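Here the structure is laid out as structure tokens; the discussion comes afterwards.
Rule-based calculations on the coordinates, nothing more; no lab input. As the structure is a prediction and not an experimental result, all values here were calculated from the model. Every residue, glycine among them, receives a Cβ derived from its backbone with ideal geometry; neighbour counts consider all protein chains shown.
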């Protein structure tokens, strides 16, 4: 009777291992997110290329600074910062730890954002005459998990 139980558990373990190891990480997907509360939102993903829309209207008019906490950052997170503004504005982003950051121009070229480690001032990107109500940025955390999470702090200047 004891041998049957051991064989059963060995076979069960082998089947579970094959199923778990056989799962593949999706290439592209939308980020998982919690509801925005008090100018803060938690986002996460298990994909290689994740997208998220940071919709200014979901944070309310009382938020002058907004924080996105990216839990377990890995791979790429592309964030569309949607201002819903037809007027000129600037999007300002504070230094983001555990990632490389890239600004995407209108013609889809990526420009690396150079953070100044001795200066904690945010980097601002202008959108003139409402021609870009949404700006696109990519945050590359690499293919190895190196930190628990990172915060993306941003605000709009109108």
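Determine, for 79, 43, the number of other Cβ atoms within 10 Å of each Cβ, and report the residues in order from fewest to most. Mind dumping the intermediate values first?
Numbers: 79 24, 43 21.
With the sparsest Cβ surroundings first, the list reads 43, 79.
Going by how many other beta carbons lie within 10 Å of each one, how would you line up 113, 152, 53, fewest first?
Listed from fewest to most nearby Cβ atoms, that is 53, 113, 152.
Translational diffusion coefficient, Stokes-Einstein: compute it for the stretch 27-157 using the Kirkwood radius over C-alpha pairs as Rh, at 37 °C and 0.692 mPa s, and state it as an integer in µm² s⁻¹.
220 µm²/s
Please check which bits of the stretch 46-82 a label hung off residue 34 would reach, taking the label as a point 7 Å along Cα-to-C-beta and the cut-off as backbone N under 17 Å.
Those under the cut-off are 46, 59, 66-73.
When 144, 132 are ordered from fewest to most other Cβ atoms inside 10 Å of their Cβ, what list results? Can you show the working numbers first?
Values: 144 7, 132 18.
Result, fewest neighbours first: 144, 132.
How big is the gap, in Å, between the Cα center of the stretch 59-96 and the Cα center of the stretch 119-158?
6 Å
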